[in-house]
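What follows is a short report on a single structure.
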Amino acid sequence: MAKIRVLTVVGARPQFVKAAVVSRSMRGQSQMEELILHTGQHYDHDMSEVFFDELAIPHPAYNLGVGSGSHGAQTGAMLAKIEEVILAEKPDWVLIYGDTNSTLAAALAASKLHVPVAHVEAGLRSFNKRMPEEQNRIVADHLSSLLLTPTVAADKNLAREGIDEGKIRQVGDVMYDATLYAGQREQSGQSILEKLDLQADRYILSTIHRAENTDDPVRMEAVLAGLAEAAESHTVLLPLHPRTKKLISEDDRLGQFASKLKIVAPVGYFEMAALEAKAALIVTDSGGVQKEAYFHQKPCVTLRDETEWNELVDLGWNRVQPPTSRKAVAEAVSAALGTTGDTGAAPYGNGRAGQQIVETLTTFQP
Ligand code: UD1
Ligand code: UDP
């Protein structure tokens, strides 16, 4: 029997983490063949290669080297190049993840060539169409033949938009699988704390990179000033995304607040998991890090106007705080320190999302 050929398209940090889970499951299936295409959206060693190495993701068959650019230029360059690869490789499925420009480009390229698209992390909505991620995920979902959702809420969002129920499979969240996998290597935890001179439960871990914060000077200053205030009582560790690093390096005022924080380069996935597991609190605008806070049973402040992961707010683990002022950020941080949430729920599946995705890809008729 001919193998099922899957073209996995990734390009940005969170997609490497997610694709690693599914790729690991796919390698256990003799009837499947995976080809990985890296768009090159993220290209620094600590934003890309480190994840391929640590998570043993197979070397990409293609790296398009698209790199950074405006949304249109970046997405357009990917679209043209992904189309060529699909025409050459004739996959049975194009497998996409999340909501980045790489996701959008792959969904467009494949659907125009009538190659079925399977979307992992389908159905998330912030209901804020100004966000590039919201635009990308809405288009990707509507072009997909198979919508692999992480939560009940995601299924409801898709039903509300009239997407055929027959195309939707709730499989759980691959990021939960990834955290369980990292947990098997917990021994790396102490070394990163020692390396960074941190004491367990005495530091706040923060990541900031979303456009809605970095593109708005008022919000960016509020985030850094609020974190600087929090740094009076706790070490604030900020593994810094290159987008935010660039911004801080160009603005003395931001630099002054940043000097109160412990800023390091982005860390690898296992080090990040260990840092999350030992933090007193997590403060972020990342989608993935919000959930990882919960997986490690840590309180989280999300510095955004809304979240796609409302389960965590309902369970008491996450507080959404728009970073409108230093005071708003500092007060949210101080209110969240020492809190916990409901431990009885399991909103993100059973840790077998990767396997369920692979099983679905082998049986589903698009
Ligand atoms: C992208 C996603 C965002 C996701 C994030 C994960 C889109 C529209 N946004 O945002 O949803 O949360 O990835 O981290 O796809 N840069 C480097 N080196 C790199 C990568 C980026 O220096 O390896 C810098 C460049 O200055 C670049 C900027 O970061 O212009 C932004 O990169 P880009 O990939 O456009 O978007 P992200 O902010 O990373
Ligand atoms: N991450 C990491 N090192 C870092 C920051 C984040 O390994 O320095 C991981 C994090 O643990 C999570 C993923 O990157 O698995 C989230 O990616 P990111 O925050 O860039 O994107 P988002 O989830 O917001 O789209």
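The values are calculated or read from the model by the stated rules, or taken from the named source; none is laboratory data. These figures come from a predicted structure and were not determined experimentally. Positions of Cβ are generated from backbone atoms using ideal geometry, with glycine treated the same way; all protein chains shown enter the neighbour counts.
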Legend entry - Count - residues of region 281-333 that are in a loop (DSSP other than H, G, I, E, B) and either within 16 Å of ligand 1 (Cβ to nearest atom) or under 21 Å from residue 222 (Cβ atoms) (or both): 15
Legend entry - Residues that are in contact with a helix residue (DSSP H, G or I) (Cβ under 7 Å, 6 or more places away or on another chain) and assigned to a loop (DSSP other than H, G, I, E, B), drawn from region 268-280: 268
Inset, instruction - Go through (1) away from ligand 1 (no atom under 16 Å from the Cβ); (2) over 24 Å from residue 319 (Cα atoms); (3) crowded, with 16+ Cβ neighbours inside 10 Å; (4) not hydrophobic (A, V, I, L, M, F, W, C) and name the single condition residue 242 misses. - result: (1)
Inset, instruction - Consider only pairs whose beta carbons are under 6 Å apart and that are at least six residues apart or on different chains; among these, list those whose first residue lies in region 5-18 and is within 10 Å of ligand 1 (Cβ to nearest atom) and whose second residue is part of a strand (DSSP E or B) and among the aromatic types (Phe, Trp, Tyr). - result: 15/97
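Condition check ((1) surrounded by fewer than 20 Cβ atoms within 10 Å (Cβ to Cβ); (2) not aliphatic (A, V, I, L, M)) across all residues:
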position: 292; (1), (2): no, yes
position: 299; (1), (2): no, yes
position: 303; (1), (2): no, no
position: 310; (1), (2): yes, yes
position: 323; (1), (2): no, yes
position: 326; (1), (2): yes, yes
Inset, instruction - Return yes or no: is residue 178 within 12 Å of ligand 2 (Cβ to nearest atom), more than 29 Å from residue 252 (Cβ to Cβ) and either among the basic types (Lys, Arg) or touching a helix residue (DSSP H, G or I) at 6+ places or on another chain (Cβ under 8 Å) (or both)? - result: yes
Inset, instruction - Answer with yes or no whether residue 253 is within 26 Å of residue 69 (Cβ to Cβ) and either modelled with pLDDT of 95 or more or away from ligand 2 (no atom under 16 Å from the Cβ) (or both). - result: no
Legend entry - Residue satisfying all of: in region 125-168; assigned to a loop (DSSP other than H, G, I, E, B) and within 23 Å of residue 314 (Cβ to Cβ); nearest to ligand 1 (Cβ to nearest atom) among these: 131
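Please find, within region 65-80, the residue that is farthest from ligand 2 (Cβ to nearest atom) out of those that are under 20 Å from residue 119 (Cβ atoms) and surrounded by 16 or more Cβ atoms within 10 Å (Cβ to Cβ).
Of everything passing the filter in region 65-80, 79 is farthest from ligand 2 (Cβ to nearest atom).
Here's the yes/no breakdown for (1) more than 15 Å from ligand 2 (Cβ to nearest atom); (2) outside any helix (DSSP H, G or I); (3) of a type outside the set (Lys, Arg):
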{"position": "185", "(1), (2), (3)": "no, yes, no"}
{"position": "190", "(1), (2), (3)": "yes, no, yes"}
{"position": "206", "(1), (2), (3)": "no, yes, yes"}
{"position": "209", "(1), (2), (3)": "no, yes, yes"}
{"position": "213", "(1), (2), (3)": "no, no, yes"}
{"position": "227", "(1), (2), (3)": "yes, no, yes"}
{"position": "247", "(1), (2), (3)": "yes, no, yes"}
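This table checks each residue for (1) basic (Lys, Arg); (2) crowded, with 20+ Cβ neighbours inside 10 Å; (3) closer than 24 Å to residue 23 by Cβ.
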| position | (1), (2), (3) |
| --- | --- |
| 94 | no, yes, yes |
| 98 | no, yes, yes |
| 111 | no, no, yes |
| 122 | no, yes, yes |
| 129 | yes, no, no |
| 136 | no, yes, yes |
Legend entry - Members of region 143-183 found to be within 19 Å of residue 288 (Cα to Cα), of a type in the set (Val, Ile, Thr) and crowded, with 18+ Cβ neighbours inside 10 Å, listed by number: 149, 151, 171, 174, 179
Inset, instruction - Within region 109-141, work out how many residues are over 18 Å from the mean Cα position of the chain (by Cα) and charged (D, E, K, R). - result: 3
